[in-house]
Amino acid sequence: MEMKKTGRVVTFSPGVSVLSYAAVGGRQEGEGPLGSHFDEIDNDSFLGCQTWEQAESELQHRALEAALQKGGMTAEDVDAVLTGDLLNQCVGGSFALRNEPLAVAGLYSACATMGEGLALSAMLIAGGALKRSAVMASSHFCAAERQYRMPLPYGSQRSPTAQWTATAAGCCLLGREGDGPYLTHAILGRIVDMGITDATNMGAAMAPAAIDTLTALFCSTGTKPQDYDLIVTGDLGKIGRDIVADLMGRDGFLLDDRYTDCGLLLYDRKRQDMHAGGSGAGCSASVLCAYLLEGMGAGRWKRLIFAPTGALLSPTTTFQKESIPAVCHAVVFSAQR
């Protein structure tokens, strides 16, 4: 397997194969448009645990177990797990894997973590360091609200630009051999900060990073939006999605109706009152592993871009009146190797 770097884009020849995938979600995710696509829905926000943080670890544990079972594998068949979440010190993944015989690499790119994990995992496999790997990410609404915003009992009013953090996890197993779909290209994003300071408007903060990464991907590969069946950013919601479509269109990249966002796919914004849409590291990870890869396997799409975005802020930086840096990592999946 060879890797070729053009500009910022790494091309894998042949592509790295998706071996298996699984997604686990909570009650709101089960009531959304993709509910029937999840491998497991648990209506208990604690998932049988004592705390929300433990519940998030349980989400990752169940997603990994489901992906292994669907792929006919055990933990011993996987060389390493690349995992991340939104909790301080990424304890969601480390506690989920503390009883597993697995090498672990903890990652953090906020809601873009799944994209980072897939890109790095493909590079490690193509470079010969790994034969098989698991990539997963998670988030939990209650844990995230407590960490980043207000305690839930406070009952603070959410602004129209706010997004709903998904209670979900997705796990994707990659390998050198397999029947696909195949990961053929990857691009690691740059930090982009346009001075947005409103922590309740993540879509506006992250949209410039998505524009930067998608533009670099098109230019480095010599492709245009019409060369892909589907282009999916991660967790920009309605506001961020519209900003990307508008500004990229002005630059000559007409995304049209082939472009959508994980934060818009996961929930029914009107029926579920999710304001601007979904967010969280588990949002894009679960949409990928519950819906997008399933659709590729069914022949619904032959080539798609998965480009999750992350807002790299913390409560500390928000209190210090800092702006919100963002990043977007992207990978291309193809039905053809």
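The values are calculated or read from the model by the stated rules, or taken from the named source; none is laboratory data. Note that the structure is a prediction, hence the values are computed from the model and not measured. So basically every Cβ, Gly included, is an ideal-geometry build from the backbone, and we count neighbours across all protein chains shown.
Somewhere in the range 99-122, is a residue among the β-branched types (Val, Ile, Thr) and not in a helix (DSSP H, G or I)? Checking the range 99-122: at least one residue is among the β-branched types (Val, Ile, Thr) and not in a helix (DSSP H, G or I).
Residues checked against (1) modelled with pLDDT of 95 or more; (2) assigned by TED's automatic domain parsing to the domain that holds Leu82; (3) more than 17 Å from the chain's Cα centre (by Cα); (4) surrounded by 21 or more Cβ atoms within 10 Å (Cβ to Cβ):
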position: Gly170; (1), (2), (3), (4): yes, yes, no, yes
position: Asn201; (1), (2), (3), (4): no, no, yes, yes
position: Met206; (1), (2), (3), (4): yes, no, no, yes
position: Ala209; (1), (2), (3), (4): yes, no, no, yes
position: Ala216; (1), (2), (3), (4): yes, no, yes, no
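Taken as a whole, the condition of being outside the structural domain of Asp77 (by TED's automatic domain parsing), among the hydrophobic types (A, V, I, L, M, F, W, C), within 21 Å of Ser284 (Cα to Cα) and buried (at least 18 other Cβ atoms within 10 Å of the Cβ) does not apply to Ile196.
Every residue, every condition in (1) buried (at least 24 other Cβ atoms within 10 Å of the Cβ); (2) assigned to a loop (DSSP other than H, G, I, E, B); (3) touching a strand residue (DSSP E or B) at 6+ places or on another chain (Cβ under 6 Å), yes or no:
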{"site": "Val244", "(1), (2), (3)": "yes, no, no"}
{"site": "Leu264", "(1), (2), (3)": "no, no, no"}
{"site": "Ser286", "(1), (2), (3)": "yes, no, yes"}
{"site": "Leu292", "(1), (2), (3)": "yes, no, no"}
{"site": "Val331", "(1), (2), (3)": "yes, no, yes"}
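When you scan the range 49-59, do you find a residue that is crowded, with 24+ Cβ neighbours inside 10 Å, part of a strand (DSSP E or B), hydroxyl-bearing (Ser, Thr, Tyr) and modelled with pLDDT of 95 or more, even just one? No, the range 49-59 has no match at all. Is it true that Ala298 is at pLDDT 95 or above and either surrounded by 23 or more Cβ atoms within 10 Å (Cβ to Cβ) or under 26 Å from Val18 (Cα atoms) (or both)? Considered against the rule, which asks whether it is at pLDDT 95 or above and either surrounded by 23 or more Cβ atoms within 10 Å (Cβ to Cβ) or under 26 Å from Val18 (Cα atoms) (or both), Ala298 comes out as yes.
The residues of the range 1-35 that are outside any strand (DSSP E or B), among the small types (Gly, Ala, Ser) and over 16 Å from Ala166 (Cα atoms) amount to a single one, Gly7.
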